[in-house]
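Encoded as structure tokens, the structure appears first; notes follow it.
The values are calculated or read from the model by the stated rules, or taken from the named source; none is laboratory data. Not measured: the values here are computed from a predicted model. Cβ coordinates were reconstructed from backbone atoms using ideal geometry, including for glycine residues, and neighbour counts include every protein chain displayed.
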């Protein structure tokens with residue numbers, strides 16, 4: 001028997017920043033008071049700062065899927081032709097939402113683990129009357145990322161607006177909202193923002209607001225125009241999630257003090273270290289050609305169900321890591337890097353992975369994967385250490 | 001200078017039950033684990049128990065307005081004729097939602113402070129093709145309550161379904177879902193359920209599910225059928241609000257131990273005591289003929305803006321009470337009773353009200369209002385005490 005701490009290490013919900021968790025204890029505030037107005041204005045201002053945008057940013061009481069729906073139901077018209085980049089479970093969700101609201105999606109499908117290329121998007125933009133392009137910045141289900149910059153620059157030359165599900169992209173990859181022409185960028189609380197789920201938010205460009213003017217799709221609870229107008233006054237249209245706003249405000253203080261660029265670099269380094277470690281251990285990456293930094297999807301060893309690895313992580317080490325979703329279940333396991341993850345988390349995860357693989361009879365040299373992570377850390381932290389490594 | 005505690009005493013958000021608040025600290029759980037399945041199943045089971053129903057109960061990550069929208073977008077068809085009882089700001093919201101989704105509401109309007117009678121509903125049900133009736137059990141903006149029992153029994157004889165916004169009705173008035181024919185009953189976390197806002201839920205009758213079959217309105221995020229099916233497996237369709245579910249579970253433990261009937265009686269006694277106290281102090285009730293027990297709306301004294309009273313409560317005593325909404329702002333103030341309110345709260349509120357009124361030059365005998373509250377308490381708690389009162 002060992003002491004065994006439970007650690008949430010999934011790509012959402014992610015590990016919680018303790019002061020942000022504790023901030024929820026002050027939730028006995030009323031949302032039609034000056035105290036709340038101050039909190040709301042500050043939180044929206046800080047979100048804009050870390051997202052790097054002067055566009056409107058609107059929080060919603062919803063999970064990320066609610067914000068995805070809001071971007072469809074508030075900005076399009078029945079029958080609109082739109083391009084959807086579908087490279088995983090969340091790309092498929094864009095198709096479902098578009099169809100639920102009567103849009104006509106042109107679906108550019110990539111096999112799981114791969115992504116849709118800018119060239120494919122460019123070709124599809126040649127179709128007449130395309131009014132929108134939907135994609136995932138990083139596709140959490142496969143661990144792949146789209147070339148948002150190239151696609152953004154292509155779409156910005158057209159009448160279409162680009163809607164980016166950046167729920168796991170924000171805080172794990174650069175997203176230059178203004179420079180790349182990202183009209184709508186969607187984020188969620190339980191990802192790199194380090195707090196529990198239940199709050200989503202969107203940035204909305206002037207070009208997207210122009211689209212909103214001709215919108216004829218029914219919507220009421222998710223009313224982006226109304227929310228944006230109220231947000232200027234420090235108010236939400238409906239009763240807000242006060243506990244999560246308090247939490248988000250505290251997390252944003254931390255993210256600002258760290259610097260959003262450093263938060264992104266942290267995820268990128270952890271992702272690179274993970275890729276090198278699992279490769280050293282003889283495992284294959286699921287999204288080898290365009291890996292994202294939010295999460296690394298690793299193929300289970302030949303003949304082994306990835307659920308076995310997920311289960312051993314949980315039962316032997318208290319580490320909650322993610323299996324694959326849908327048809328990827330049993331084939332991959334996913335190691336997350338987004339938000340409040342540090343190298344100590346990764347040293348432990350890789351050491352545990354080595355023990356699990358060795359216990360299943362795979363030829364593993366204890367410490368080999370960990371050494372790969374240490375090397376990435378040493379090079380990034382203080383180049384001199386790397387010499388001795 | 002005095003010590004001055006801040007107390008949230010509004011009709012939502014309401015005072016928080018401390019163990020339910022603290023339960024949010026365990027929010028580092030993943031929603032696709034057996035731990036979560038157990039939590040979700042227990043929470044839904046407990047909600048059904050305190051609501052007194054065997055119908056499906058579905059939680060949503062949304063404020064109450066989201067659940068109101070879900071009942072429209074999931075159960076009706078474009079062009080459906082529906083009856084809306086509009087007796088305040090929340091009745092007006094039903095009309096807005098119905099219109100946003102292309103229904104044809106027949107609006108039965110009562111002046112603020114009054115309610116729509118069962119006879120009016122009966123007459124309107126004579127119109128051909130009515131498929132639904134929407135109302136507030138208690139209309140929080142005015143402090144009035146509808147005769148849900150009589151209206152439920154009328155509607156249950158027809159093809160229409162009855163959709164009850166019981167967001168402040170649950171836990172403050174009896175609502176016999178099965179006996180009265182309440183097809184949809186909507187609740188919210190931040191009301192008598194004693195936890196922060198951000199979570200709503202609905203019970204759905206077989207008759208309402210039958211309506212859902214022919215629904216042609218676009219919806220995706222709020223998909224009641226999908227949520228109900230998943231809830232049976234202890235799962236939510238989208239990422240759930242884990243912190244608020246943990247909190248709700250703890251609050252439901254308390255509500256079950258107290259007994260839902262006692263929680264309702266508590267609110268009813270506080271409401272009656274408040275009505276008697278303010279009457280003794282020479283103030284008029286805003287909803288005198290059909291007062292609810294969630295909140296008591298009191299008219300400001302002749303010539304005084306109710307905002308003055310609200311402000312003095314806040315600045316002098318740290319008590320956050322509610323002003324009127326919309327055109328009622330400045331005319332009424334509202335004293336809440338729903339959920340985690342006790343007599344000590346009310347003794348203080350009435351004593352403070354006496355001080356505020358006296359300070360503004362009104363003829364008030366200190367203690368007269370408090371005595372009215374004590375009398376109600378004494379009679380209810382131990383009839384013998386009342387003799388001495």
Restricting the range B:72-99 to residues that are touching a helix residue (DSSP H, G or I) at 6+ places or on another chain (Cβ under 8 Å) and in a helix (DSSP H, G or I), which is nearest to the other protein chains (Cβ to nearest Cβ)?
-> B:97
Residue hits (the range B:30-59; assigned to a loop (DSSP other than H, G, I, E, B) and under 30 Å from residue B:334 (Cα atoms)) are B:52
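Tell me, please, whether a residue that is within 14 Å of another protein chain (Cβ to nearest Cβ), in contact with a strand residue (DSSP E or B) (Cβ under 7 Å, 6 or more places away or on another chain) and modelled with pLDDT of 95 or more can be found in the range B:144-153.
Initially, the range B:144-153 is screened for residues within 14 Å of another protein chain (Cβ to nearest Cβ), giving none.
Within the range B:144-153, not a single residue is within 14 Å of another protein chain (Cβ to nearest Cβ), in contact with a strand residue (DSSP E or B) (Cβ under 7 Å, 6 or more places away or on another chain) and modelled with pLDDT of 95 or more.
Tell me whether the range B:218-237 contains one or more residues that are within 23 Å of residue B:45 (Cβ to Cβ), modelled with pLDDT of 95 or more, within 18 Å of the chain's Cα centre (by Cα) and surrounded by fewer than 21 Cβ atoms within 10 Å (Cβ to Cβ).
Among the residues of the range B:218-237, not one is within 23 Å of residue B:45 (Cβ to Cβ), modelled with pLDDT of 95 or more, within 18 Å of the chain's Cα centre (by Cα) and surrounded by fewer than 21 Cβ atoms within 10 Å (Cβ to Cβ), which makes the answer no.
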For residue A:310, work out the one condition from (1) touching a residue at least 60 places away in the same chain (Cβ under 8 Å); (2) within 20 Å of residue A:3 (Cα to Cα); (3) within 14 Å of chain B (Cβ to nearest Cβ); (4) buried (at least 21 other Cβ atoms within 10 Å of the Cβ) it doesn't fulfil.
-> (1)
Could you check residue B:33 against (1) at pLDDT 95 or above; (2) facing chain A (nearest Cβ under 7 Å); (3) surrounded by fewer than 18 Cβ atoms within 10 Å (Cβ to Cβ) and say which number it fails?
-> (1)
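Is it the case that residue A:257 is buried (at least 23 other Cβ atoms within 10 Å of the Cβ), part of a helix (DSSP H, G or I) and modelled with pLDDT of 95 or more? Let's see the steps before the verdict.
Numbers: buried (at least 23 other Cβ atoms within 10 Å of the Cβ): no; part of a helix (DSSP H, G or I): yes; modelled with pLDDT of 95 or more: yes.
It is false that residue A:257 is buried (at least 23 other Cβ atoms within 10 Å of the Cβ), part of a helix (DSSP H, G or I) and modelled with pLDDT of 95 or more.
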Could you list all residues from the range A:209-234 that are over 25 Å from residue A:194 (Cβ atoms), part of a loop (DSSP other than H, G, I, E, B), in contact (Cβ under 8 Å) with a residue 60 or more places away in the chain and within 14 Å of chain B (Cβ to nearest Cβ)?
-> A:215, A:216, A:217, A:218, A:219, A:223
Answer yes if at least one residue in the range B:24-47 is in contact (Cβ under 8 Å) with a residue 12 or more places away in the chain and within 17 Å of residue B:167 (Cβ to Cβ), and no otherwise.
-> yes
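Among the residues of the range A:161-173, which ones are under 18 Å from the mean Cα position of the chain (by Cα) and buried (at least 24 other Cβ atoms within 10 Å of the Cβ)?
Within the range A:161-173, the subset under 18 Å from the mean Cα position of the chain (by Cα) is A:162-173.
Matches in the range A:161-173: A:162, A:163, A:164, A:165, A:166, A:167, A:168, A:169, A:170, A:171, A:172.
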Can we say residue A:158 is surrounded by 24 or more Cβ atoms within 10 Å (Cβ to Cβ) and assigned to a loop (DSSP other than H, G, I, E, B)?
-> no
Those residues of the range A:355-371 which are within 17 Å of residue A:317 (Cβ to Cβ) and part of a helix (DSSP H, G or I) amount to A:355, A:356, A:357, A:358, A:359, A:369, A:370
For residues that are buried (at least 17 other Cβ atoms within 10 Å of the Cβ) and under 14 Å from residue B:5 (Cβ atoms), tally how many sit in the range B:315-334.
-> 3
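Of these, B:115, B:107, which one is in a loop (DSSP other than H, G, I, E, B), farther than 20 Å from residue B:13 by Cα and more than 14 Å from chain A (Cβ to nearest Cβ)?
Numbers: B:107 fails: in a loop (DSSP other than H, G, I, E, B).
None of the other options fit; the residue is B:115.
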Can you confirm whether the range B:185-197 contains a residue that is under 18 Å from residue B:45 (Cα atoms), more than 14 Å from chain A (Cβ to nearest Cβ) and under 24 Å from the mean Cα position of the chain (by Cα)?
-> yes
Please go through the range A:12-29 and pick out each residue that is facing chain B (nearest Cβ under 7 Å) and not in a loop (DSSP other than H, G, I, E, B).
-> A:21, A:24, A:25
Restricting attention to the range B:167-177, the residues that are in a loop (DSSP other than H, G, I, E, B) and more than 17 Å from residue B:266 (Cβ to Cβ) number exactly 2
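In the range B:178-208, how many are surrounded by fewer than 23 Cβ atoms within 10 Å (Cβ to Cβ) and either in contact (Cβ under 8 Å) with a residue 60 or more places away in the chain or outside any helix (DSSP H, G or I) (or both)? Break it down stepwise before answering.
Here is the first cut: in the range B:178-208, the ones surrounded by fewer than 23 Cβ atoms within 10 Å (Cβ to Cβ) are B:178-181, B:205-207.
So of that shortlist, the ones also either in contact (Cβ under 8 Å) with a residue 60 or more places away in the chain or outside any helix (DSSP H, G or I) (or both) come out as B:178, B:181, B:205-206.
Qualifying residue count, the range B:178-208: 4.
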Restrict the check to the range A:92-105 and report whether at least one residue is more than 24 Å from residue B:73 (Cα to Cα), more than 18 Å from the chain's Cα centre (by Cα) and not assigned by TED's automatic domain parsing to the domain that holds residue A:286.
-> no
Odd one out for residue B:282 among (1) at negative phi; (2) in contact (Cβ under 8 Å) with a residue 40 or more places away in the chain; (3) in the same structural domain as residue B:334 (by TED's automatic domain parsing) = (1)
Quickly run through the range A:241-278 and pick out the residues that are farther than 23 Å from residue A:18 by Cβ, touching a strand residue (DSSP E or B) at 6+ places or on another chain (Cβ under 8 Å) and either touching a residue at least 40 places away in the same chain (Cβ under 8 Å) or within 14 Å of chain B (Cβ to nearest Cβ) (or both).
-> A:271, A:274, A:278
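Specify which of the listed residues (B:245, B:281) is in contact with a helix residue (DSSP H, G or I) (Cβ under 9 Å, 6 or more places away or on another chain) and either buried (at least 24 other Cβ atoms within 10 Å of the Cβ) or within 20 Å of residue B:177 (Cα to Cα) (or both). Break it down stepwise before answering.
Details: B:281 fails: either buried (at least 24 other Cβ atoms within 10 Å of the Cβ) or within 20 Å of residue B:177 (Cα to Cα) (or both).
When all the criteria are applied, what remains is B:245.
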Check the range A:51-61 and report whether any residue there is at the interface with chain B (Cβ under 8 Å from one of its Cβ atoms) and buried (at least 21 other Cβ atoms within 10 Å of the Cβ).
-> yes
